[in-house]
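Below is one structure, written out as structure tokens; comments come after it.
The values are calculated or read from the model by the stated rules, or taken from the named source; none is laboratory data. Remember, predicted model here, so these are calculated numbers, not experimental data. Using ideal geometry, Cβ is built from the backbone for each residue, glycine included, and neighbour counts are taken over all protein chains shown. SASA here: full protein model, heavy atoms, side chains in, ligands and nucleic acids out. Shrake-Rupley method; radii C 1.70, N 1.55, O 1.52, S 1.80 Å.
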Amino acid sequence: MAAPPAERSFDVIVVGAGIIGSCAAHAAASRGASVLLLERFDLLHQRGSSHGESRTTRPTYTRPQYPPMVRLAHRLWHDAERDAGYTVLTPTPHLDLGPRDAPAFVAAIANGGATELAPAGDASRPAWAGAFRVPEGWAAATSGPAGVIKATKAMAMFQTLAAKMGAVVRDRTEVVDVARQEGNTIVVKTASGEEFHGGKCIITVGAWASKLVKSVTGADLPVQPVHTLVCYWRVKPGHEEELTTEAGFPTFATYGEPGFYGTPSMEYPGLIKVCRNGGPPCDPDGRDWATGTGAGGIAEIVARWIDEFMPGVVDTAGGPVLRQPCMCCMTPDEDFVIDFLGGEEFGKDVVIGAGFSGHGFKMGPAVGKILAELALDGESGTAAEAGLELEHYLIGRFEGNPMGNATSH
């Protein structure tokens, strides 16, 4: 068989150019590897989980394996900003609210090194604290490093940096198969009939991960896409400035079922982003883009939370001013999948990152670097140096235990 043309042969092929794939391509290219980054849709499209105006970053997690990854990611965010010459992360405080004795809230505060908010009248209490109503029996705590990440801009930054390092970036290229050719070559086949050859392959296709893995290996990867709704609400007159990043207003989140979160007024002047976690299961190839907008839907649930927790500063009359659909890709235990696809066919030559469960964007640079090192080296020195134990994220945790790590949370 004739060797493929040089422009179709690469050290690493990354399938999926969301934030995780873009970071992985950048990390591999920064090592001097020849890299191909393939995207099924247009670059920076709005059909997956990485688009939009903003994502939050915070150190508070109920599970102790995540704060070290957040800290690693913060360093890598700043490194990339330095190389790009512009910023995508705006630092802010972070505020967590939850029932004072709830185990999840207590664990998150401890793991993230948060400090309980000073009581009313205390000179150290921040001015923005009055925007929140803390129910009886609840507590509020602040932490950092935290902030707001410009999501689409961040994705574009890593794609641009990867391209500057020599990576080839191709969109409108749907991958339909990944297979091993005789020898050590991984062949990536597209819907148009093209074939690309790589020494290694990294799969980061988000909501399409289960479908592609099923097609390639026949195995069931327990990653379920859910439809969620990003809502922007009008700030009540007279409070527009105090809820901005310039005024030091925090990102915020609550603990409970469901959980809620928000960002300062930043991307749309006079509006503030407040959302609930999760949503109904969906098929990424057959979505109802209006889910959650009607009576009893996601927007109405968020409005009730605002009326209870931020009644003086956010207006819920008439519902959210802007609604933007998105997807989260959930595992049963809400832990990531970072692993080799494995088996006799692929061994350590195909790596997968999936199931980021609505909280992976902030850690994109860290996960991308780990995936690149797993592909190129068979192990991640960065994870080891940062004290990250990757066994939490192995596919094998679901064998004989469909809930994975959830039983130990």
Q: Could you give the spread of the C-alpha atoms of the range 1-90 along their three principal axes, from largest to smallest, in whole angstroms?
A: 54, 31, 29
Q) Using mean Cβ contacts within 10 Å as the protection proxy, how do 151-163, 44-56 order, highest first? A) 151-163, 44-56
(Q) Cross-link candidates for residue 189: which lysines have Cα within less than 21 Å, leaving aside residues fewer than 8 places away along the same chain? (A) 200, 211, 214, 348
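Counting pairs of alpha carbon atoms under 8 Å apart in space and at least six apart in sequence, what relative contact order in percent does the chain give? Please report the intermediate quantities before stating the final value.
Details: 899 pairs, mean separation 90.8, N = 409.
Relative contact order comes out at 22 percent.
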Q: Report, in debye and to the nearest 20, how large the dipole of the range 192-254 comes out about its Cα centre when Lys and Arg carry +1 and Asp and Glu carry -1 on their Cβ.
A: 320 debye
Q: Quote the FRET efficiency, to the nearest 0.05, computed for residue 285 versus residue 136 with a Förster distance R0 of 56 Å and r equal to the Cβ-Cβ distance.
A: 0.75
(Q) For the chain, take the longest principal axis of its alpha carbons; what is the angle in degrees between that and the long axis of helix 364-377, to the nearest 10 within 0 to 90? (A) 20 degrees
Q) Counting only Cα, what are the radius of gyration and maximum Cα-Cα distance Dmax of the range 203-277, in Å? A) 18.3, 58
Q | Cα gyration tensor, the range 86-147 - rounded (a/c under 1.5), prolate or oblate | A | oblate
Q) Dipole magnitude of the range 306-409 about its Cα centre, charges +1 at Lys/Arg Cβ and -1 at Asp/Glu Cβ only, in debye to the nearest 20? A) 380 debye
Q.
For the chain, what does the accessible surface come to per residue with a 1.4 Å probe? Please give it in Å².
A. 41 Å²
(Q) Highest mean first, how do 109-115, 325-331, 29-35 rank when packing is the count of other Cβ atoms within 10 Å averaged over residues? (A) 325-331, 29-35, 109-115
Q) Which FRET efficiency value, to the nearest 0.05, do you get for residue 220 and residue 317 by plugging their Cβ-Cβ distance into 1/(1 + (r/R0)^6) with R0 = 30 Å? A) 0.10
Q.
If I model a spin label at residue 257 and residue 179 as a point 7 Å from the Cα along the Cα→Cβ vector, what separation in nanometres do I get?
A. 4.5 nm
Q: With N denoting the number of residues in the chain, provide Rg(C-alpha) divided by 2.2 N^0.38 Å, to two decimal places.
A: 0.99
**Q.** Alpha-carbon centroid distance for the pair the range 115-135 / the range 266-332, whole angstrom
**A.** 26 Å
Q) How do the peptides 76-84, 269-277, 378-386 rank, highest first, by the average count of neighbouring beta carbon atoms within 10 Å per residue? A) 269-277, 76-84, 378-386
Q | With every protein chain in place, the chain: carbon and sulfur % of accessible area (1.4 Å) | A | 51 percent
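Need one number: % antiparallel among DSSP beta bridges in the chain, to the nearest 5.
Of all bridge pairs located within the chain, approximately 70 percent are antiparallel.
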**Q.** Calculated [θ] (222 nm, deg cm²/dmol) that DSSP helices of n ≥ 4 give over the chain, each run adding -39,500 (n - 2.57)
**A.** -7500 deg cm²/dmol
**Q.** Full-stretch length increase - residue 43, residue 307 - with 0.36 nm per residue and alpha-carbon distance subtracted
**A.** 91.2 nm
(Q) So if each residue of separation counts as 0.36 nm, and I subtract the Cα-Cα distance between residue 153 and residue 78, what length gain in nm does that give? (A) 25.6 nm
Q: With a point put 7 Å past each Cα toward its Cβ, work out how far residue 241 is from residue 116 in nm, to one decimal.
A: 3.4 nm
Q | Average Cα contact separation per residue, the range 190-332, under 8 Å, 6 or more apart, as relative contact order % | A | 33 percent
Q: Determine which lysines satisfy two conditions relative to residue 150: a Cα distance under 26 Å, and not lying fewer than 8 residues away in the same chain.
A: 164, 236, 273, 362, 369
